[in-house]
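Only one structure is covered here, and it is reproduced in the block below.
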Amino acid sequence: MKGIILKNQNGYFTISGEEGKVSLCRSRGTLKRKTNILVGDYVEFETDKGSEAVITHVYPRKSFLHRPPVANIDQLALVCSIRTPDLNYFLMDKMVVLSENAGIEPLIIISKSDLDADGAEKAVKYYQTAGYQACTVSLKNYSGITEMRDYLSGPVIAFSGPSGVGKSSLLNDLLGIDYFISGEISRQTGRGKNTTRHAELVQSSQGYYLMDTPGYTHLDIETIDTQELSFLFRDFRPYLGNCRFNNCLHDQEPDCAVRHALETGRIQKERYDSYKRILEELKTTRRR
Ligand code: GDP
Ligand code: ZN
């Protein structure tokens with residue numbers, strides 16, 4: 001039977017199989033030694049071998065994210081609130097670069113639009129102009145929910161973004177139950193209640209596999225080549241290859257097509273500023 005790994009607890013895998021039936025499995029000896037099975041992996045498993053179900057095969061991965069490690073995410077829902085905490089365009093631009101680098105389609109969600117409707121609308125325009133799907137949402141006055149749902153394609157969707165932006169609240173709303181713990185800092189532990197350190201997928205009635213992750217806000221910057229960074233800015237792509245130098249980093253070089261697009265208003269200034277800032281970070285990392 002084919003299934004997808006939802007959870008791994010010390011080598012016991014929770015698998016969602018055909019007809020959404022959930023089984024508990026271990027992996028077979030040789031497979032266990034050879035393959036590191038991840039949440040999100042599509043596997044073949046057998047339920048009729050003795051008392052315990054066993055995983056017999058792991059299918060090739062379509063995508064991979066580490067921190068936390070998870071396979072086959074189809075869509076990254078990048079959530080940032082417009083206020084409390086304030087939207088940080090640079091951080092959001094970085095998260096978009098990360099999803100481009102992982103080959104996963106991002107959906108930009110500007111949450112808490114009730115706190116600044118105009119600001120949220122402006123942010124959505126900024127990302128749509130850059131070529132990305134983006135929407136605003138508010139759970140407070142329950143607006144934008146249908147539009148957001150229309151943008152979800154999945155089937156495997158990770159919600160990512162800083163703490164406190166409303167990820168758990170949005171996920172619970174999608175699930176129709178309070179599965180993800182939402183709210184303020186935990187009184188017991190003093191840390192964000194969102195102690196989702198282990199990746200876990202939760203099945204929704206709409207057929208999505210949903211994940212909440214505090215990770216992926218910090219770009220794994222070391223893996224990106226300075227020469228490749230501009231390709232991870234979707235809005236820069238039409239101009240790439242037209243610079244005077246074919247190794248142009250679109251910084252100070254003469255006859256740069258990207259900078260020309262910036263100067264003629266076809267690339268937004270803030271996007272270019274984010275590019276330059278990430279480029280500098282990459283160069284600094286390289287020098288260390
Ligand atoms: P997470 O850390 O990203 O999972 O965020 P939570 O879902 O725990 O939400 C953080 C805080 O924001 C909670 O106090 C929520 O009640 C609040 N919140 C969530 N959605 C909204 C919204 O649409 N508008 C406003 N004003 N507050 C919200
Ligand atoms: Zn250039």
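The values are calculated or read from the model by the stated rules, or taken from the named source; none is laboratory data. Treat the numbers as computed from the prediction; the structure is a model and nothing was measured. In this analysis, Cβ positions are derived from the backbone assuming ideal geometry, glycine residues included, and neighbour counts consider all displayed protein chains. The protein model used for the area step is the full one, side chains on, heavy atoms only, and it has no ligands, DNA or RNA in it. Shrake-Rupley method; radii C 1.70, N 1.55, O 1.52, S 1.80 Å.
Some values worked out for this structure:
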| read-out | value |
| --- | --- |
| In the stretch 243-268, residue farthest from ligand 2 (Cβ to nearest atom) [restricted to those that are touching a residue at least 24 places away in the same chain (Cβ under 8 Å) and of a type in the set (Val, Ile, Thr)] | Ile267 |
| One residue from Gly3, Gly17, Gly40 being surrounded by 12 or more Cβ atoms within 10 Å (Cβ to Cβ), at pLDDT 75 or above and on the phi > 0 side of the Ramachandran plot | Gly40 |
| Residue within the stretch 52-69 that is part of a helix (DSSP H, G or I), without any contact (Cβ under 8 Å) to a residue 40 or more places away in the chain and touching a Gly at 6+ places or on another chain (Cβ under 9 Å) present | no |
| Test for Arg286: is it more than 16 Å from ligand 1 (Cβ to nearest atom), assigned to a helix (DSSP H, G or I) and not hydroxyl-bearing (Ser, Thr, Tyr) | yes |
| Looking only at the stretch 193-214, and only at residues there that are surrounded by 17 or more Cβ atoms within 10 Å (Cβ to Cβ) and at pLDDT below 60, the one that is nearest to Ile5 (Cα to Cα) | Thr196 |
| Residue match in the stretch 224-239 (condition: away from ligand 2 (no atom under 14 Å from the Cβ), among the β-branched types (Val, Ile, Thr) and surrounded by 13 or more Cβ atoms within 10 Å (Cβ to Cβ)) | yes |
| Residue ID - farthest from ligand 1 (Cβ to nearest atom), chosen from residues in the stretch 266-281 that are assigned to a loop (DSSP other than H, G, I, E, B) and open to solvent by less than 60 Å² (accessible area, probe 1.4 Å) | Ile267 |
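Residues checked against (1) at pLDDT below 95; (2) closer than 24 Å to Leu65 by Cα; (3) open to solvent by less than 20 Å² (accessible area, probe 1.4 Å); (4) in contact with a His (Cβ under 6 Å, 6 or more places away or on another chain):
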residue	(1), (2), (3), (4)
Ile221	yes, yes, yes, no
Asn247	no, no, no, no
Glu263	no, no, no, no
Thr284	yes, yes, no, no
